[in-house]
Every structure is written in structure tokens, then in C-alpha cells.
Amino acid sequence: MENNIKRNRLLYIALTLVTIACGLLSRSEFVPMPDFVSTYGGDTLWAMMVFWLFCIFAPGWKTWQILLAALLFSFAIEYSQLYHAPWIDSLRHTTPGGLVLGFGFKSSDLVCYTIGILLGAGVRFAVNYRVFFRYQE
């Protein structure tokens, strides 16, 4: 069992790194993206990354528990953007603070978070049940 958890953690670490790279690319000028992708892709991928992080740090949790925790965390971050005190706004104006905490509340972000987390849960389900790796004889 321990070997399985280590293997899964490595998979989720790899998925986290790929998701971060894709999220940063979706907002960069290096790779031209359609407006829709550059507007909503980063938020969707950010939430997917949150899902992967919960997979890493709570490997014994069921997919629905990780899904719920990731949704609650993501929604809490988004709703925290309604709060503006000098100390948190100064945090938001740093690169890491801006990437994690964001700047302003947008209800469309909640939709993106939900989609990103559902996509992550779908991938986790597929990996756990070997959907992509089954072949018929």
C-alpha cells in the first residue's frame, strides 16, 4: 500500500507541475491563445492544481472528499477577494500572493474553479480505475 501511495504522489506531483506550466502559459505572451482560453484557462487550471495538491497531501482521502475540500478552499480564496485590508492587499501585490490570492472577486471564477476541479476528479477517477490503460484482447 505504501508503495502505491508513493507512486500516486509522484503522479500527482507531475500533474501539478504540468498544470502550473499550462496555467502560466495560458496567461503568457509566449504562446498565443484564443481570448476565451486566456481569460478562463488560468483560473480553471489553478483550481485543478489545488485539486492535485489535495491529492498529494491527503492520499488516503476519497475522490469526493478531495473534490469537496478543493472546492471549499478555492471558493474561500475567491470570496476572500471581497475583503480589502492594507495587509492582505499588500500580499496580493506580490507575485506569489497574486497567484494564490488573486485580486478581485469574479463570479465567473467560481464556474472556472468548479470545472477545473471536476476535470481533475475525472482524471483521478480514470487513473484509479485504469480507464485509459485498459485494453481489450
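Percent of Cα pairs in region 41-81 per distance bin of 5 Å, from zero to the largest separation: 6, 26, 30, 23, 11, 4, 0. Farthest towards the positive end of the charge dipole of the chain, among the residues 79, 118, 65, is the Cα of 65, using unit charges on the Cβ of Lys, Arg, Asp and Glu.
By how many degrees, between 0 and 90 and to the nearest 10, does the Cα long axis of helix 107-128 differ from the longest principal axis of the chain? Result, in degrees: 20. Projected over every direction and averaged, the convex hull enclosing the alpha-carbon atoms of the chain yields 10.4 nm².
If each Cα of region 21-62 is one equal point scatterer, what is log10 of I(q)/I(0) from the Debye formula at q = 0.17, 0.25, 0.33, 0.35 Å⁻¹? The computed values of log10 I(q)/I(0) come out as -0.51, -0.77, -1.07, -1.13.
Across region 12-18, computed HN-Hα scalar couplings (Karplus, 6.51 cos²θ - 1.76 cosθ + 1.60, θ = phi - 60°) run 6, 5, 4, 4, 4, 5, 5 Hz from first to last residue, x flagging Gly and Pro.
Does region 12-82 come out rounded, prolate or oblate by the C-alpha gyration tensor, with a ≥ b ≥ c the root eigenvalues, rounded set by a/c under 1.5 and, if not, prolate when a/b is larger than b/c and oblate if not? Cα axes put region 12-82 in the oblate bin. For the pair region 41-60 and region 71-104, the centres of their Cα atoms are 17 angstrom apart. Taking Cβ atoms as reference points and 14 Å as the exclusive limit, the residues near residue 66 contribute a net charge of +3, counting Lys and Arg as +1 and Asp and Glu as -1. Fully extending the segment from residue 31 to residue 105, taken as 0.36 nm per residue of separation minus the present Cα-Cα distance, adds 24.0 nm. Based on every Cα atom in region 41-110, Rg and the maximum pairwise Cα distance Dmax equal 13.0, 39 Å. Extension gain for residue 38-residue 81 works out to 13.4 nm (0.36 nm per residue, less the C-alpha to C-alpha distance).
Since every read-out is calculated from the coordinates, none of them should be taken as a lab result. Keep in mind the model is a prediction, meaning the values are calculated, not measured. For neighbour counting, all protein chains shown are included, and Cβ atoms are generated from backbone atoms with ideal geometry for every residue, glycine included.
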